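A quick write-up on the structure given underneath.
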Amino acid sequence: MKPWIVGNWKMNGSRKMVREYVPAFLDGLLESGELAARVHVALCPPFPYLGEMSSLLTSYPVRVGAQNVNQHENGYYTGEVSASMLSELGVTLCIVGHSERRHGHGESNALIGEKVKILLAGGIAPLVCIGETQAERDADDHQRVVEAQLESALQDLPAGAASEILIGYEPVWAIGTGVNATPEQAEEMHGHIRGWLTGRFGSGDGATIPILYGGSVTPENARALMSRPEVNGALVGGSSLKPEMLVSLLQQSLS
């Protein structure tokens, strides 16, 4: 399976950063030979910079992703952004269910399921984030937690929709802490998620849905994590904010 590397800038960046970052990142990809052909790459800046990044990446094999979407197509939802608005800006991927949205903004499993459906209807691939807290892992409840998150996010999907979805496993205790899951922990959970997906969608789509690992991914640990068979890519936070670091991470993930 061709791996994915998705850079989540979170609430960081500026127009100046976008204009400097994109050329430097593209130069790094070109200097790395066949790197761009061997991996799917997406960059997810904050909402205000999506249009500018899309225009700079036209004709290049790098997707532009969003970090969130509203579950409604339009209406009286001040401050919100719809899937069709994202599409107009060239967005083809969108993160939903990130733990910072679940725990910081009270987003429920059911709400995330609604967002998955609105994105699929708009032709945008949902990157569905799931993951347990430290307390849930300590209580040996981590597998049940991610199963419940998957169940709500992926129920009642249109026929064939599974092939458009990506999963991001991000243990909450590893996000922004500098403490990532060990390759063994990632492999165990990704294998469990794969089993759930094949049970729900069959050995066709269920076996080909990419499962990305996220949580303090760096160029230093990417190789060990990505060497595991069921780790199909990485959702990268802080290490995606500098183009040279993200290029290095890409190189390490494929070596």
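The values are calculated or read from the model by the stated rules, or taken from the named source; none is laboratory data. Source: prediction; values computed, not measured. Glycine also receives a Cβ, built like all others from the backbone with ideal geometry; neighbour counts cover every protein chain displayed.
I'd like to know if the stretch 206-229 contains one or more residues that are more than 20 Å from G113 (Cα to Cα), in contact with a helix residue (DSSP H, G or I) (Cβ under 6 Å, 6 or more places away or on another chain), in contact (Cβ under 8 Å) with a residue 60 or more places away in the chain and not hydroxyl-bearing (S, T, Y). The answer is yes; a qualifying residue exists. Within the option set G238, G191, being within 30 Å of P23 (Cβ to Cβ) and touching a residue at least 24 places away in the same chain (Cβ under 8 Å) holds for one residue only, G238. Looking at L212, L225, just one residue is closer than 19 Å to L246 by Cα and either within 15 Å of the chain's Cα centre (by Cα) or of a type in the set (K, R) (or both), and that residue is L212. Taking the numbered list (1) within 15 Å of the chain's Cα centre (by Cα); (2) of a type in the set (S, T, N, Q); (3) surrounded by fewer than 16 Cβ atoms within 10 Å (Cβ to Cβ) in turn, Q155 passes all entries but (1).
Selection within the stretch 118-135: residues that are touching a residue at least 24 places away in the same chain (Cβ under 8 Å) and over 30 Å from L89 (Cβ atoms). The member of this set that is surrounded by the fewest Cβ atoms within 10 Å (Cβ to Cβ) is Q134.
Cβ separations smaller than 7 Å between residues 6+ apart or across chains give the following pairs from the stretch 37-63 residues that are modelled with pLDDT under 95 and buried (at least 16 other Cβ atoms within 10 Å of the Cβ) to residues that are assigned to a helix (DSSP H, G or I) and among the hydrophobic types (A, V, I, L, M, F, W, C): V39/L250; V39/L254.
Is there a residue being modelled with pLDDT under 95 and closer than 23 Å to M11 by Cβ anywhere in the stretch 134-154? Scanning the stretch 134-154, I find no residue that is modelled with pLDDT under 95 and closer than 23 Å to M11 by Cβ, so the answer is no. Among the residues of the stretch 186-208, at least one is under 20 Å from L246 (Cβ atoms) and surrounded by 17 or more Cβ atoms within 10 Å (Cβ to Cβ).
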